[in-house]
Amino acid sequence: MFIGIDDTDSERGLCTTYLAAVLMERLLPLGQLVGLPKLIRLNPCARYKTRGNAAIAIELESDRIEAVRDVALQTVLDLSDFSGMNTNPGLVIAPQQTPQMTAFYQRAVTQILEIKDAKKLLDEQGIWHRGFKKGRGLIGALAAIGAVFPDYTYELITYRERARWGTPRLIDAASVWEADALTYPRTWDTVDHHNNRIVFSPHSADPVLFGIRGSDPQAIRDALDTIKSEPIERSVLYQTNQGTDAHIRRGFAAHVRACESYRLRGIVAGPPQAIAGGHLFFPLQDVSGRIICAAFEPTKNFRAIIKQLIVGDELEVYGSVQDRTLNLEKINVLHLADKAETSAPVCPQCNKRMKSAGKGQGYRCRSCKTHAEGQVSRLLARNLQTGYYEVPPCARRHLSKPLVRMIGEKAHCSR
């Protein structure tokens, strides 16, 4: 059977992954866990998400269906923050995964779904479920059960002793940098080199101590063994769609929808413009129309790349759409336009710049009496290269694929 859980945490605390970790322990007397639990990130644009918009799916072999339901239900009651304004837990237990559930998962990662969409499928397939308050968590719980990963990564999440919840986390910074040096590129987004920040640990009052992401479970465990921290109550290795671009779909500028994420190909149609706060914007033109692309201040050093774009550069851009603006997660520079500057011609005899001879009369060297018809143009070197550029780890969305995973591509990783 499959157990899906979502929307149990709040902005103030608790965590759906922690609830799942406790639930797996409580289920051990009732059956056999199958494979790794799945950590599912849903559409990052979802309006009502609590923090990271994550759901969990657990597969269990058991013939004690009623007992499993009772334990799962009690765990949701024990470890959900029902006081949270946007906390609306959902619990789904299904005997099997169906193609309809998988299609629902794909929609939940790329689109905005309503509670009625989940309830309709649950009722059609006769799936046992419980929703609390508004029941919005049923969307993620059902999607998690239906998740099929054409691409996946791992995250090992460690949890704090309960007495320490809400207190400052005790993690030895030097050991974190050492763990990164030891295991990168098999692990990533533990630290942000350019911005000199540790980014794998939250700052909220939830039970998570830190999470190590990577492609190799052994490298993740090596990193864990290297890091020195306060005592760890428990840890769980999840298989996840994080770092896979599962939310990204191909599209055209004129046809994008708000709260969805796209990969668009086009030409830079105007120079990047900065506004107060350090945000950058530029227009991208494709065969269908034009859209504004944005690199906001939190993307930090990524903006230095955007500033170097000029009219005529050909790009692929990745990001989510809000208010007809695509918020950039990464770009692929496909072709660089020529950048030229014009200036007065040089006298062929004395090698000095000629002066204007008057409107419409060209240029002349007053010393040598030489003449030229007009200004000359020369190509300037571009500091930018073709290839992929990304936002730094401190600004990366959970689902966005880091360039360290884009094997075979010309990737300019953020470190």
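The values are calculated or read from the model by the stated rules, or taken from the named source; none is laboratory data. The model shown is predicted, which means the values in this text are computed figures rather than measured ones. Cβ coordinates were reconstructed from backbone atoms using ideal geometry, including for glycine residues, and neighbour counts include every protein chain displayed.
Examine the stretch 257-265 for a residue that is surrounded by 17 or more Cβ atoms within 10 Å (Cβ to Cβ), among the small types (Gly, Ala, Ser), touching a residue at least 24 places away in the same chain (Cβ under 8 Å) and in contact with a Phe, Trp or Tyr (Cβ under 9 Å, 6 or more places away or on another chain), and state whether such a residue exists.
yes
Could you list all residues from the stretch 57-93 that are of a type in the set (S, T, N, Q) and surrounded by fewer than 20 Cβ atoms within 10 Å (Cβ to Cβ)?
62, 74, 83, 86
Does the stretch 151-169 hold any residues that are in contact (Cβ under 8 Å) with a residue 12 or more places away in the chain and either out of contact with any Gly (no Cβ under 9 Å at 6 or more places or on another chain) or within 30 Å of residue 120 (Cβ to Cβ) (or both), and which are they?
Answer for the stretch 151-169, where residues must be in contact (Cβ under 8 Å) with a residue 12 or more places away in the chain and either out of contact with any Gly (no Cβ under 9 Å at 6 or more places or on another chain) or within 30 Å of residue 120 (Cβ to Cβ) (or both): 151, 152, 159, 160, 161, 162, 164, 169.
Every residue in the stretch 382-414 that is of a type in the set (A, V, I, L, M) and in contact with a Lys or Arg (Cβ under 8 Å, 6 or more places away or on another chain), please.
391, 395, 399, 403
For residue 149, state whether it is of a type outside the set (S, T, N, Q) and farther than 30 Å from residue 216 by Cα.
no
Determine, yes or no, whether residue 328 is under 30 Å from residue 255 (Cβ atoms), out of contact with any Gly (no Cβ under 7 Å at 6 or more places or on another chain) and surrounded by 15 or more Cβ atoms within 10 Å (Cβ to Cβ).
Judged against the criteria, residue 328 is not a match.
Being over 11 Å from the mean Cα position of the chain (by Cα), buried (at least 17 other Cβ atoms within 10 Å of the Cβ) and modelled with pLDDT of 95 or more is the filter here; which residues of the stretch 385-410 pass it?
Scanning the stretch 385-410 gives 388, 389, 403, 404, 405.
Name every residue in the stretch 93-112 that is aliphatic (A, V, I, L, M), within 26 Å of the chain's Cα centre (by Cα) and under 15 Å from residue 124 (Cβ atoms), in order of residue number.
The answer is 101, 103.
Checking the conditions here, which among 207, 231 is buried (at least 17 other Cβ atoms within 10 Å of the Cβ), over 18 Å from residue 398 (Cα atoms) and touching a residue at least 60 places away in the same chain (Cβ under 8 Å)?
Testing whether each residue is buried (at least 17 other Cβ atoms within 10 Å of the Cβ), over 18 Å from residue 398 (Cα atoms) and touching a residue at least 60 places away in the same chain (Cβ under 8 Å) leaves just 207.
Take the residues of the stretch 29-59 that are modelled with pLDDT of 95 or more and polar (S, T, N, Q): which is nearest to residue 144 (Cα to Cα)?
Selected residue: 43.
Output the residue which, of all residues in the stretch 170-209 that are out of contact with any Gly (no Cβ under 6 Å at 6 or more places or on another chain) and of a type in the set (D, E, K, R), is farthest from residue 80 (Cα to Cα).
178
I'd like the full set of residues that are of a type outside the set (A, V, I, L, M, F, W, C) and more than 30 Å from residue 409 (Cβ to Cβ), limited to the stretch 366-391.
366, 367, 369, 370, 371, 373, 374, 375, 377, 378
Listed residues 34, 71; which is among the β-branched types (Val, Ile, Thr) and more than 27 Å from residue 244 (Cα to Cα)?
After applying the criteria, what remains is 71.
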